[in-house]
Amino acid sequence: MIEKFNKEQCLDIYRKLRLGRRFEQKSMEEGSQGEILGSIHVGIGMEAVGVGISLALKEGDIALKTHRDHGQLIAEGVHPKFMFAELMGKINGYNKGLGGSMHLAGISGVLGVNGPMAAGAALAFKLKKLDRVAVGLYGDGAANLGPLHEAINMAAIWTLPVVFVCQNNQYAVSTSIKYSTLLENLSDRSKAYGIPGETVDGMDVMEVYNGVSKFMERARKGEGPAILECKTYRFEDHSKSTAAQRLTYRTQEEVDSWKEKDPIKTWPARLIKEGMATEEEIKKIDDEVEKTLEDSIEFAKKSPLPEIEDAFKYMYATPYPGLCQKGW
């Protein structure tokens, strides 16, 4: 049975999974039609990780995301219409159309920085004696970067309230995790820092939730950080540009085997099997999601573009002195 969640909550979990999936599929469609010009990195197939983490967050907690976490933003309550507006470079976007996909609210496209930033946020929580926990997400590609290891080590020796979550989707662009590390489970690295570590099925939203919530409560009690590895898989290619190159670094058989664990299919099937939902209720949510996204895309397309001067308005420093005075 599904513990801790009633029927309404279980249906809402499906709504979040479905909305995240269809948002990214719609983003790919709009990108192919020229409505989104910047790079897009989708986490289609990885939705259970973001939704599972969102369920464990409490008011005041912070989750620092990487560039494939649109679905987690939606699961945390960010509205798709403002996200689409940002992707389309419109003034109504979360960053006024100036950030794009990789710089949405709480997202950074710089690999490995979420570890140091999460440790910094956790240090602030501890110094201010706040009942809050930080979550720092990173992928298997970032797992071998130096700043991440430094951050985990500092968090360990300072007993900071932070959970480091590795979204191991098996590939860093096209490099298999089998080539970049000899470990079966990346969570085993926790032993080197003297902190707990655990690997869970990242295609199962309940496994992710149970794992991250356990470590977050531990951190909230002052017992320090932990590493949670979520083994998951992205069904699409690394990005819009690499998809166009048709890289052949994985087999269709491998992709198909992971799709058998697709959380968008397995979660509603589980709800129906356990008597938590009917096919009609699932279909109703599907229809509601499509309507939400249609309205969101229409809102984004009707939103105005920023003025050209806005390109420099929100920068901490302008590296081009006098450029604005030259007609820009």
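Quick look at the values:
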quantity	calculated
Residue count, segment 109-125 (criterion: farther than 19 Å from Ile227 by Cβ and not β-branched (Val, Ile, Thr))	2
Qualifying residue in segment 251-264 (condition: exposed (fewer than 11 other Cβ atoms within 10 Å of the Cβ) and either among the basic types (Lys, Arg) or within 18 Å of Gln9 (Cα to Cα) (or both))	no
Hits in segment 148-164 (condition: among the polar types (S, T, N, Q) and in a helix (DSSP H, G or I))	Asn153
Test: Ala192 is crowded, with 16+ Cβ neighbours inside 10 Å, over 24 Å from Glu47 (Cα atoms) and of a type in the set (Gly, Ala, Ser)	no
Number of positions in segment 269-305 that are in contact (Cβ under 8 Å) with a residue 24 or more places away in the chain, over 14 Å from Ile13 (Cβ atoms) and not basic (Lys, Arg)	13
Answer residue from segment 79-97, given it is among the aliphatic types (A, V, I, L, M) and crowded, with 18+ Cβ neighbours inside 10 Å and is farthest from His41 (Cα to Cα) among those	Ala85
Within segment 170-186, considering residues that are small (Gly, Ala, Ser) and either assigned to a helix (DSSP H, G or I) or buried (at least 16 other Cβ atoms within 10 Å of the Cβ) (or both), the one farthest from the chain's Cα centre (by Cα)	Ser180
Subset of segment 4-36 (residues that are assigned to a loop (DSSP other than H, G, I, E, B), in contact with a helix residue (DSSP H, G or I) (Cβ under 8 Å, 6 or more places away or on another chain) and surrounded by fewer than 19 Cβ atoms within 10 Å (Cβ to Cβ))	Phe5, Glu35
Answer from Lys291, Lys313, Lys240 - the residue that is modelled with pLDDT of 95 or more and out of contact with any Leu (no Cβ under 8 Å at 6 or more places or on another chain)	Lys291
Which listed residue, of Gly100, Gly136, Gly60, is out of contact with any Pro (no Cβ under 6 Å at 6 or more places or on another chain), surrounded by fewer than 24 Cβ atoms within 10 Å (Cβ to Cβ) and over 24 Å from Gln9 (Cβ atoms)	Gly100
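The values are calculated or read from the model by the stated rules, or taken from the named source; none is laboratory data. Note that the structure is a prediction, hence the values are computed from the model and not measured. We place every Cβ from the backbone using ideal geometry, glycine too, and count neighbours over all the protein chains shown.
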